[in-house]
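None of the figures in this text is laboratory data; all of them are computed from the coordinates on show. As the structure is a prediction and not an experimental result, all values here were calculated from the model. Ideal geometry is used to build each Cβ from the backbone, glycine not excepted, and the neighbour counts take in all protein chains shown.
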Amino acid sequence: MSVGAISSRFPVAVFLTLILLPTILFGVDGPWIGEDVPFQPRAAFPQRFSQRLFKEFGRWFGDRIGLRYPLIYAAVGYDVLLLRWPIDRYVVFGREGWLFLADAIDGDKNTMADFRGRLRFPPNEITRINAGLEAVRKRLEACGITFLVVLVPNKQSIYGSYLGSDEAGVSTRIDDLLPHLDESVRSIIVDLRGPLRTASDTYAPRLLYSKTDTHWNALGAFQAYQAILTELARRIRVPSLDLADLDRFDVMQRRSTGGDMGRSLLAPSRFPDTEISLIPKASIPQVEADPQHTVFRATVDASAGPLVIFGDSFAASLAEPLARHFGKVYSRGQSVDGAIIAETGSKVVLLELVARQAGRLLGPFPNMEHACRQ
């Protein structure tokens with residue numbers, strides 16, 4: 001072999017040695033003591049030849065570089081802390097350590113388009129939403145079932161000042177949608193923005209949403225639960241309304257590490273937060289939930305229930321307190337399903353959705369012909 005051939009291969013050999021030596025000396029994942037964050041499992045070795053072979057091999061190789069944890073944390077520190085560039089494309093940095101989730105999870109619209117008033121339902125979708133909700137309302141009314149649509153605000157709708165705006169004068173797609181709906185449909189919609197904005201002023205400096213999580217905290221969930229009960233009480237008799245008095249609870253708060261968005265940035269401890277909990281001052285009915293958090297039970301006057309929530313990740317925080325009034329609350333999927341309503345024998349149906357998932361208002365709403373329990 002010529003000197004030229006050897007010299008041309010020498011840099012490659014040095015590079016591979018430098019890459020593989022940590023793996024030989026320290027293994028793939030250590031030694032390293034880092035934060036408990038959810039890393040994806042290491043990629044498998046490609047099993048067959050395809051156009052993706054080199055990409056899959058690159059992922060397999062990259063996941064097996066020695067000391068990969070320190071390398072990942074170094075990259076996170078550089079991107080997140082120094083450049084203030086979120087490695088999760090759905091996360092937006094706000095002021096004073098606030099993190100926000102993009103308000104439309106659908107490709108090229110993940111730039112706070114709704115928050116800036118640039119997202120709209122086209123006319124044909126508004127017509128479809130109106131017709132779909134009206135059909136559900138009429139069908140459930142014929143069955144003697146109370147139906148409400150609960151709109152949970154995006155966090156930026158309550159704390160937009162930490163994004164450099166209070167959203168004053170900005171019309172979101174929900175604002176644009178509501179005036180175009182029939183009065184019979186608008187009457188069943190519980191827009192939680194008003195109650196939560198009022199509560200955010202009332203309870204300041206306590207917060208209703210976690211700074212680094214996509215969800216509200218216990219105080220925010222309680223305010224939403226109160227607003228829902230108020231709307232239900234206008235339509236039906238709701239037992240034990242006095243249980244929804246915040247004076248029955250001590251509001252406690254303590255420092256905590258970052259929420260789900262902090263974890264998605266692989267740096268939860270670098271985004272400190274505050275955890276709020278409500279501690280009953282006296283005995284209240286205990287609620288038991290099944291392991292999947294799809295059924296919540298309490299031994300109470302259940303004459304007004306049961307109740308079923310078709311909702312997203314906010315639903316469980318509403319289901320538990322509601323069970324103190326309705327005895328049994330089901331949390332079953334995200335789309336109103338007549339077969340589930342009949343199966344559970346529910347007398348109250350809630351469709352809950354966070355504003356960034358407003359597209360769920362389009363349905364479908366299957367099996368409504370079976371909603372009345374025989």
Under-5 Å amide H pairs with Tyr209, H placed in peptide plane, nonlocal only: Asn217
Relative contact order of the chain, defined on C-alpha pairs under 8 angstrom at six or more residues apart (%): 16
Label-point separation in nm, Asp290 to Val14, each point 7 Å along Cα→Cβ: 6.4
Span-rule helices in the chain, defined as complete DSSP H runs reaching 24 Å or more along the axis (Cα) with Kyte mean at least 1.6: 3-26
Förster-model FRET efficiency, 25 Å R0, Ala204 and Asp182, C-beta, rounded to 0.05: 0.10
For region 306-314, 3J(HN,Hα) per residue [Karplus equation, 6.51 cos²θ - 1.76 cosθ + 1.60, θ = phi - 60°, Hz, x = Gly/Pro]: x, 10, 10, 10, 9, x, 9, 6, 7
Length-normalised contact order for region 257-374 - Cα pairs under 8 Å, 6+ apart - percent: 22
Positive-pole candidate from Leu21, Leu243, Tyr330, dipole of the chain, charges at beta carbon: Leu21
Charge dipole of the chain about the Cα centre (unit charges at C-beta), most positive-ward option of Gly164, Thr202, Leu229: Gly164
Region 114-184 and region 222-272: distance between their alpha carbon centers, rounded to Å: 22
Val152 long-range amide H proximity, modeled H, under 5 Å: Leu353, Val354, Ala355
Contour excess over end-to-end distance, with Cα ends at Ser283 and Trp85 and 0.36 nm allotted per residue: 66.5 nm
Percent of beta bridges antiparallel (DSSP, region 123-370, rounded to nearest 5): 45
Size of electric dipole in the chain: Cβ of Lys, Arg +1 and of Asp, Glu -1, about Cα centre, debye, nearest 20: 780
DSSP-assigned coil residues among trypsin sites (Lys or Arg not before Pro) in region 236-331, each with at most 11 further Cβ atoms within 10 Å: Arg237, Lys281
Only Lys, Arg (+1) and Asp, Glu (-1) charged, at Cβ; region 109-206 dipole about Cα centre in debye: 280
Simple label model, 7 Å out from Cα along Cβ direction - Val170 to Ala44, nm: 4.4
Along each principal axis, Cα extent of region 123-370, largest first, Å: 51, 47, 33
Where only C-alpha atoms are counted, convex hull volume of region 160-283 per residue in Å³: 142
For region 246-257, 3J(HN,Hα) per residue [Karplus equation, 6.51 cos²θ - 1.76 cosθ + 1.60, θ = phi - 60°, Hz, x = Gly/Pro]: 4, 5, 6, 10, 8, 8, 10, 9, 8, 5, 8, 7
